[in-house]
Amino acid sequence: MKRTIFLLSTIFISDVSFAQISGDLMKQGGKPAIAVPDFRGAGGAQNLMNSFNSTLWGDLQNSGQLKMLPKTVYPLTIPQQPADFRPPLNGRSQGPWLSDWSGPPVNGNYLAFGYTATQNGQLALYGWLYDVKQANPSSAQLLAKVYVGSPDEAGAKKIAQEFAADILKLFGASSLMGSKIYFVSDRTGHKEIWSMNYDGSDQKEFTHYGTITTFPVVSQDGTKIAFTVYPMRPASPGHPATEGQPRIYVHSLETGRKLVYLNQEASMNAASDFMPDSRHLLIYSTASTGISQIFMTDVDGGGFHRITNTRSLEVEAKANPKTGTDMVFLSGRGGTPQIYRMNIDGTDVARLTTGEGDCANPSWNPNGQIIAFSWTRGFEPGNFNIFIMDIASGTLEQLTHGAGRNENPNWAPDGVHLVFSSKRGRTSQIFTMLADGSGLQQLTTQGNNEKPVWTKGTQ
Amino acid sequence: MSASDRLHASKIAATLLVLAIAVVAPGCKKKVPPPPPPPPTRDVAPAPTVARATVDSFTAEPSTIEKGQSSTLSWSISNATDMSIDNGIGAVQSRGQRQVFPTSSTTYTLTANGPGGSDSRTVTVSVTTPPPPPPPAPTGPRLSSAEMLQQQSQDAFFDYDKSDIRADARDALTRDAGLLKQIFAQDPNFTVVVEGHCDERGSAEYNLALGDKRASAAKDFLVQLGVAGDRIKTISYGKERPQCTEANEECWQKNRRAHLSAGQ
């Protein structure tokens, strides 16, 4: 009996520490509580309000930064504009008032309200955010703004996203609006680089090399993308077209054009990461070593120099985005591939994972303290799950638990969301989730989609 | 040599034998009256008082040549003061040989004039045009080497997350080395690519490096067996080009391989 209690308490403690990383990232427990009643539309605008309300609620909830108060506990009378607020008279309600929202049963901190109307052929949103703990509406107002969109579903979604983004900014949460995800898709028959919005909309083919194009990485300044291509050598008499050895290509994200990058003469060159200055690249290559090692080059391939010096496979170096002075990488030096860290000059190497299973795909949180990666620990080879780790403490948290094969986690610019690929049926698709594994959303459906990279985009 | 050629040759031999007797016999008996002249080879006319010029032999060897080759004309003439061969050869001695390079079939006429009369003989050198060399088909010997490679080479298989050459891979690569030496010898421009492949279980990034290591381990082994290293290139496909797509060990093993393909 004693033993059972001991085991239970051990599990309990480890569970607490397990949730700590995502809890800190998502400010669990200390999140502002917000009420977001359904907005109404004047006249024809009412038809668009289902799209509007679900987008506004979804964006605020999916931010992971707010505690969304359930609509079932809201007062019966919902304010639509500041003039609707009427203070109680002699303890009797005269209409909507701040304390209706701050007191029980709502117990809110904030209230988002407003209405939409069609004006001059446009859909207009009048949106407010109030701090309902304040004594009167004039001191409660945090946000009052008019948003304009086209009088259709797309316009309704757009103004809802803009309003949500403004609200999130007030809480210090960076909105994901405008952020883009680059990924690899084989839906045209070849692996090419594609882009899409953070919500999966506007999926577009970025490369057209007609061969294997994979492993995209994007510079922090958002101006460049690097990836790895098997350059196609055209057919000649008696020889079908064949792929050449893998090479690094760098493209401008501003013009889409290919930029100069001088590859090393080697059987393999692969793009690994941009340095935070966006002017250097980490790569893994067999140049001068005959076995994959980590190197740094300038963004045009010059200034090539070696960082690792082993006889084992060294791949996937990812520079700390905050400092640029250290990196995590994947190495087979201790047996199976595991995650290691080292200084940018190759010194102070330390293994971060336990040595169990196979690891892959380290990715830095923008805070430079936490990484996400994939690991088969506890599963058969190939059955990867997504983990996050606080590097300083070594604390781990497992976010997926055997549903499919989960790989290539990559942090959103807000540091709270992750995008990753998961093969849960016959095909691999791209999903997003919050740092605690909740809020799973599937973004792709066509073909196989993998290797997502979440970038700030051009805002 | 055809049957008619052999017949021709035996005729020449018989003629030479008669000639030899004719030449040797008078030399031995200088003081005695000349014996009756040899039986005339052509005319049955009575022997003239002054010996008539006679072409004793005129041959071309070989009598049939390919365009660009040569034939040797040989002749022997008696009792002539003035001897010539046409077709630009001109005056000749009573015995001689001349190499000729006719570009088409040519009949040579040897004319011998002497105080006692003249004689002439012809010989024909037939010139054949050699069959054109087998046209280098656009796919020529390269394709046949590529086909040989494709049909006869064997894959080397590996363990999970390993690039060590196993015993079975050693056997396969040893046979591949023999095949490559043969192909390289017969086809001096042929190059080969060693492809490294992995099963689907490792990450794509790690497998790119692992496939490269497998390909270079296989290449190193072939080079140790004497295959020209500068004609072998390696490429890693990681797990991008599996030859089997089921999720079981049998299939995974098929994909953990080094595979030979024709270079470009």
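The values are calculated or read from the model by the stated rules, or taken from the named source; none is laboratory data. Everything numeric here is computed off the predicted structure, so don't read it as measured data. Please note: Cβ atoms are built from the backbone with ideal geometry, for glycine as well, and neighbour counts cover all protein chains shown.
A compact table of results
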| item | result |
| --- | --- |
| Scan of region A:56-75 for residues that are within 22 Å of A:Tyr198 (Cβ to Cβ), at pLDDT below 95 and assigned to a helix (DSSP H, G or I), ordered by number | A:Gly58, A:Asp59, A:Leu60, A:Gln61, A:Asn62 |
| Of residues in region A:212-222 being of a type outside the set (Ser, Thr, Tyr) and farther than 14 Å from B:Ser236 by Cα, the one nearest to the other protein chains (Cβ to nearest Cβ) | A:Phe215 |
| Residue within region A:325-332 that is over 27 Å from A:Ser288 (Cα atoms) and either surrounded by fewer than 22 Cβ atoms within 10 Å (Cβ to Cβ) or modelled with pLDDT under 95 (or both) present | no |
| Selection count, region A:35-55, where residues are surrounded by fewer than 22 Cβ atoms within 10 Å (Cβ to Cβ) and either assigned to a helix (DSSP H, G or I) or aromatic (Phe, Trp, Tyr) (or both) | 10 |
| Region A:223-241: number of residues that are modelled with pLDDT under 95 and more than 10 Å from chain B (Cβ to nearest Cβ) | 1 |
| Given (1) small (Gly, Ala, Ser); (2) under 26 Å from A:Thr444 (Cβ atoms); (3) in a loop (DSSP other than H, G, I, E, B), index of the condition A:Gly172 fails | (2) |
| Residues satisfying the stated conditions in region A:242-259, i.e. of a type outside the set (Asp, Glu), over 21 Å from A:Glu314 (Cβ atoms) and either in contact with a strand residue (DSSP E or B) (Cβ under 8 Å, 6 or more places away or on another chain) or within 12 Å of chain B (Cβ to nearest Cβ) (or both) | A:Thr242, A:Gly244, A:Tyr249, A:Val250, A:His251, A:Ser252, A:Leu253, A:Arg257, A:Lys258, A:Leu259 |
| Residue within region A:350-364 that is closer than 23 Å to B:Ile235 by Cα, assigned by TED's automatic domain parsing to the domain that holds A:Pro246 and over 22 Å from the mean Cα position of the chain (by Cα) present | no |
| Checklist (1) within 12 Å of chain B (Cβ to nearest Cβ); (2) at pLDDT 95 or above applied to A:Asn263, failing item | (1) |
| Extreme residue, surrounded by the fewest Cβ atoms within 10 Å (Cβ to Cβ), among residues of region B:58-97 that are part of a loop (DSSP other than H, G, I, E, B) and on the phi > 0 side of the Ramachandran plot | B:Gly88 |
| Check on A:Glu397, in the same structural domain as A:Thr214 (by TED's automatic domain parsing), of a type in the set (D, E, K, R) and under 26 Å from A:Phe183 (Cα atoms) | yes |
| Residue identified as more than 9 Å from chain A (Cβ to nearest Cβ), buried (at least 17 other Cβ atoms within 10 Å of the Cβ) and closer than 21 Å to B:Leu149 by Cβ among B:Val223, B:Val227 | B:Val227 |
| Residue that is under 28 Å from A:Glu265 (Cβ atoms), among the polar types (S, T, N, Q) and either in contact with a Leu (Cβ under 9 Å, 6 or more places away or on another chain) or assigned to a loop (DSSP other than H, G, I, E, B) (or both), where the choices are B:Ser216, B:Ser163 | B:Ser163 |
| Tally, over region B:150-169, of residues that are in contact with a helix residue (DSSP H, G or I) (Cβ under 9 Å, 6 or more places away or on another chain), under 30 Å from A:Ser331 (Cβ atoms), surrounded by 13 or more Cβ atoms within 10 Å (Cβ to Cβ) and not aliphatic (A, V, I, L, M) | 7 |
| In region A:210-249, the residues that are buried (at least 16 other Cβ atoms within 10 Å of the Cβ) and among the charged types (D, E, K, R) | A:Lys224, A:Glu243, A:Arg247 |
| Boolean, A:Asn383 is within 14 Å of chain B (Cβ to nearest Cβ) and in contact with a Phe, Trp or Tyr (Cβ under 8 Å, 6 or more places away or on another chain) | no |
| Test set (1) within 12 Å of chain A (Cβ to nearest Cβ); (2) surrounded by fewer than 22 Cβ atoms within 10 Å (Cβ to Cβ); (3) at pLDDT 95 or above - B:Asn189 fails condition number | (3) |
| Selection within region A:309-358 - assigned to a strand (DSSP E or B) and among the acidic types (Asp, Glu) | A:Glu314, A:Glu316, A:Asp326 |
| Residue match in region B:221-232 (condition: closer than 16 Å to B:Ala258 by Cβ, in a helix (DSSP H, G or I), among the aromatic types (Phe, Trp, Tyr) and out of contact with any Gly (no Cβ under 6 Å at 6 or more places or on another chain)) | yes |
| Hits in region A:273-313 - residues which are basic (Lys, Arg), over 17 Å from A:Asp345 (Cβ atoms) and away from every other protein chain (no Cβ under 14 Å) | A:Arg279 |
| Complete set of residues in region A:175-196 that are on the phi > 0 side of the Ramachandran plot and touching a residue at least 60 places away in the same chain (Cβ under 8 Å) | A:Gly178 |
| Residue in region A:345-355 that is farther than 27 Å from A:Asn383 by Cβ, out of contact with any helix residue (DSSP H, G or I) (no Cβ under 9 Å at 6 or more places or on another chain) and in contact (Cβ under 8 Å) with a residue 24 or more places away in the chain present | yes |
| Test: residue in region B:101-114 that is touching a residue at least 60 places away in the same chain (Cβ under 8 Å), surrounded by 14 or more Cβ atoms within 10 Å (Cβ to Cβ) and over 11 Å from B:Thr59 (Cα atoms) | yes |
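The rows are residues; the columns are (1) free of Cβ contacts under 8 Å to residues at least 60 places away in the same chain; (2) touching a strand residue (DSSP E or B) at 6+ places or on another chain (Cβ under 8 Å); (3) buried (at least 23 other Cβ atoms within 10 Å of the Cβ).
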position	(1), (2), (3)
A:Glu380	yes, no, no
A:Leu396	no, yes, no
A:Ala412	no, yes, yes
A:Leu418	yes, yes, yes
A:Ala435	no, yes, yes
A:Gln441	no, yes, no
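One line per residue, one yes/no per condition, for (1) closer than 23 Å to A:Thr223 by Cα; (2) among the aromatic types (Phe, Trp, Tyr); (3) free of Cβ contacts under 8 Å to residues at least 24 places away in the same chain; (4) touching a Phe, Trp or Tyr at 6+ places or on another chain (Cβ under 9 Å):
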{"residue": "A:Gln264", "(1), (2), (3), (4)": "no, no, no, yes"}
{"residue": "A:Ser272", "(1), (2), (3), (4)": "yes, no, no, yes"}
{"residue": "A:Met275", "(1), (2), (3), (4)": "yes, no, no, no"}
{"residue": "A:Arg279", "(1), (2), (3), (4)": "yes, no, yes, no"}
{"residue": "A:Ile283", "(1), (2), (3), (4)": "yes, no, no, yes"}
{"residue": "A:Gly290", "(1), (2), (3), (4)": "no, no, yes, no"}
{"residue": "A:Val299", "(1), (2), (3), (4)": "yes, no, no, yes"}
